[in-house]
Amino acid sequence: MEYKTGFGFLKFSLLLELLRDPNIAVRDTTAWTIGRIFEFVSQAVMNDELLRAIGQALVNGLGDVPRVATNICWVNKQKFNKFNRISFVSFYF
């Protein structure tokens, strides 16, 4: 799955595969990276299919070791913060 956006090609399939890597540090860093994407370039993931794939990967990662699960919870926080702001703005403006 490769997704085209205004920011170029983002290879989320690689990131989602890395969330299943056997190395804890790789999974931890990947979850953090996805969170940063939501924080700074959330427009890059405004795609229903991509959001479903990310959501499924994040749900699966909640059962991971605490270090990884913590970053996955942070990703969800970033995701909900961005979409909450978007919903608020589109509702009122």
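Site pair Q56 and R20 shows an inter-label distance of 1.0 nm when each label is modelled 7 Å from Cα along Cα→Cβ. Averaged over residues, the count of other Cβ atoms within 10 Å places the peptides 23-31, 55-63 in the sequence 23-31, 55-63, highest first.
At 4 °C and 1.567 mPa s, grab the translational diffusion coefficient of region 13-54 from Stokes-Einstein with a Kirkwood Rh over Cα pairs, rounded to a whole number in µm² per second. Mind showing how you got there, number by number?
Values: Rh = 10.7 Å.
My calculation gives 121 µm²/s for D.
FYI, it's all coordinate maths here, none of it is from the lab. Owing to the predicted nature of the structure, the values given are computational and were not obtained by experimental measurement. Counting neighbours? That spans all protein chains shown, and the Cβs are built from the backbone with ideal geometry, glycine included.
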